[in-house]
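Notes for the one structure printed next.
The values are calculated or read from the model by the stated rules, or taken from the named source; none is laboratory data. Because the structure is predicted, anything quoted here is derived from the model rather than measured. We place every Cβ from the backbone using ideal geometry, glycine too, and count neighbours over all the protein chains shown. Keep in mind that these areas ignore ligands, DNA and RNA; they rest on the heavy atoms of the full protein, side chains included. Shrake-Rupley method; radii C 1.70, N 1.55, O 1.52, S 1.80 Å.
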Amino acid sequence: MKLGVNVDHVATLREARGTVYPDPVVGALLAEYAGCNSIVMHLREDRRHIKERDIIFTKKALEIPFNLEMSVNKSIVDFALKLLPDYATLVPEKRQELTTEGGVDLKENYLKVSRAVGRLKSKGIKVSLFIDPLKRQIDLAKRIGVDSIELNTGGFSESKTERGKKNLYLKIKQAAKYAKDKGFFVAAGHGLDYVNVKDIVKIRAIEELNIGHSIISRSVFLGLVTAVEEMITLIKS
Ligand code: PXP
């Protein structure tokens, strides 16, 4: 199983005081040094954390793949077409949300998503869709023609009851198998931490986890290299 480290929240800390530090470019390089498999940055429409400059410098400096998380907003897609990230992960975006709240609804946004996917793929960018763990969303992703999906683990991570957690875990497990059988590269992420990741790594159909907040939070106390190494140990065990 691979680990993609999302370094958005290094930039959140920087933006909290409007300083030039801590720099997410340095964060990305340290995560790479610690052994992760890819770096993720989300260029939000409101630029609340990551800015274009962070992405441009990071992509130039990295040896591992760069995954741009993004909405289907035209100006963001235009930016991606110039940047040419290794991967683009399409997510829904709402201005008021604290973080991405759910997967893209591919039924409701079929045309918008298909158009964005077509533009990105025409430049050779591999596209992944962040979706809820539902068969109908996976079927629509297949119809749109992406090779990769990322299953939303947010509901599972936030569930407050054992029963709810178990239900959502089973949904993720079934969806991951269904997607893998359909030929998708299956990633998962959102809200994963050093405790709940232990269940998710047991799902063999999942090939990559994208994790941000818990790793950056741990790095405040232990340093980013240690925080990433500890997550890699959990994922490989
Ligand atoms: N994957 C996707 C598609 C996301 O939107 C996010 C949040 O930016 C993550 C993974 C990482 O989530 P977290 O910061 O909760 O680990």
The chain pair-distance distribution - Cα-Cα, 10 Å bins, rounded %: 8, 34, 39, 18, 1
For the range 134-146, Karplus-derived ³J(HN,Hα) couplings (6.51, -1.76, 1.60; θ = phi - 60°; whole Hz; x for glycine and proline) come out as 10, 4, 5, 6, 5, 4, 5, 4, 5, 5, 5, x, 9
Compare 210, 167, 152 in a GNM of the chain, Cα atoms joined below 10 Å, and give the one with the largest fluctuation. 167
Using a probe of 1.4 angstrom, how much of the accessible area of the chain is carbon and sulfur, in percent? 54
Among the listed pairs 82/142; 51/166; 51/121; 126/198, which are separated by more than 31 Å between their Cα atoms? 51/166
Per residue of the range 47-58, in order, report the coupling 6.51 cos²θ - 1.76 cosθ + 1.60 (Karplus, θ = phi - 60°) as ³J(HN,Hα) in whole Hz, putting x for Gly and Pro. 6, 6, 10, 6, 10, 4, 4, 4, 6, 4, 5, 5
Ignoring ligands, DNA and RNA, what accessible area per residue does the chain give at 1.4 Å, in Å²? 50
Give me the one-decimal nm value for the distance between modelled label points at residue 17 and residue 139, 7 Å along each residue's Cα-to-Cβ direction. 5.3
Applying 1/(1 + (r/R0)^6) with R0 = 25 Å to the Cβ-Cβ distance of residue 121 and residue 26, what FRET efficiency is obtained, to the nearest 0.05? 0.20
³J(HN,Hα) computed for each position of the range 166-180 - Karplus, 6.51 cos²θ - 1.76 cosθ + 1.60, integer Hz, glycine/proline x: 5, 4, 5, 4, 5, 4, 5, 4, 5, 5, 4, 5, 4, 5, 5
GNM on the chain, Cα springs under 10 Å; top mean-square fluctuation among 219, 159, 38 goes to 159
